[in-house]
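The values are calculated or read from the model by the stated rules, or taken from the named source; none is laboratory data. Remember, it's a predicted structure, so these values are computed and weren't measured experimentally. Virtual Cβ from ideal backbone geometry, glycine too; neighbours counted across all protein chains shown.
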Amino acid sequence: MLYHGSCHCGRIAYEVESEPVSQVIECNCSICQRRGHLLFFVPRSHLRLTTPEEHIASYSFNTHRIRHQFCPVCGCGPFGLGTDPQGNEMAAINARCLEDIDLAALQRQQYDGRSH
Ligand SMILES: [Zn+2]
């Protein structure tokens, strides 16, 4: 199905094609812990920006394998970009930034990112 997401102020907006999301990853790494991300993954090609790419700021740290995308105006981090172990371009979508989703109904899978 097609999900619609955005940052709070709307300078970043996007569409995501995904199976209906029933499960998200709650990670305890240093950035997810602070930002409260609830993530699921799709191939990069399933994420389509509907606002200009120049609106996005990017942050990476440690191994710089994930580029955390965020809005420099309102501060929301609606998705991240990176590659999976096979080298495929992937997007990590922050379910908290989607419009059409019931967060309380999602199963949260704990991921120990702090140790990885
Ligand atoms: Zn914003």
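Scanning segment 21-40 turns up no residue that is farther than 22 Å from residue 102 by Cα and at pLDDT 95 or above. For segment 1-44, the tally of residues that are under 16 Å from residue 109 (Cα atoms), in contact with a Phe, Trp or Tyr (Cβ under 6 Å, 6 or more places away or on another chain) and not β-branched (Val, Ile, Thr) stands at 1.
What about residue 65, is it under 21 Å from residue 101 (Cα atoms), free of Cβ contacts under 8 Å to residues at least 40 places away in the same chain, among the basic types (Lys, Arg) and more than 14 Å from the ligand (Cβ to nearest atom)?
Values: under 21 Å from residue 101 (Cα atoms): no; free of Cβ contacts under 8 Å to residues at least 40 places away in the same chain: yes; among the basic types (Lys, Arg): yes; more than 14 Å from the ligand (Cβ to nearest atom): yes.
Considered against the rule, which asks whether it is under 21 Å from residue 101 (Cα atoms), free of Cβ contacts under 8 Å to residues at least 40 places away in the same chain, among the basic types (Lys, Arg) and more than 14 Å from the ligand (Cβ to nearest atom), residue 65 comes out as no.
For segment 64-107, taking the residues that are touching a His at 6+ places or on another chain (Cβ under 8 Å) and surrounded by fewer than 11 Cβ atoms within 10 Å (Cβ to Cβ), the one that is modelled with the highest pLDDT is identified as 99. Looking only at residues in segment 1-54 that are touching a strand residue (DSSP E or B) at 6+ places or on another chain (Cβ under 9 Å) and assigned to a helix (DSSP H, G or I), the one that is farthest from the ligand (Cβ to nearest atom) is 45. Of the set (1) crowded, with 16+ Cβ neighbours inside 10 Å; (2) at positive phi, all apply to residue 10 but (1). Against the conditions (1) assigned to a strand (DSSP E or B); (2) touching a Ser or Thr at 6+ places or on another chain (Cβ under 9 Å); (3) surrounded by fewer than 18 Cβ atoms within 10 Å (Cβ to Cβ), residue 61 satisfies every one except (1). Taking each residue of segment 1-22 that is among the hydrophobic types (A, V, I, L, M, F, W, C) and looking for partners that are surrounded by fewer than 13 Cβ atoms within 10 Å (Cβ to Cβ) with beta-carbon atoms closer than 6 Å, six or more apart or interchain, yields 1/20; 13/50.
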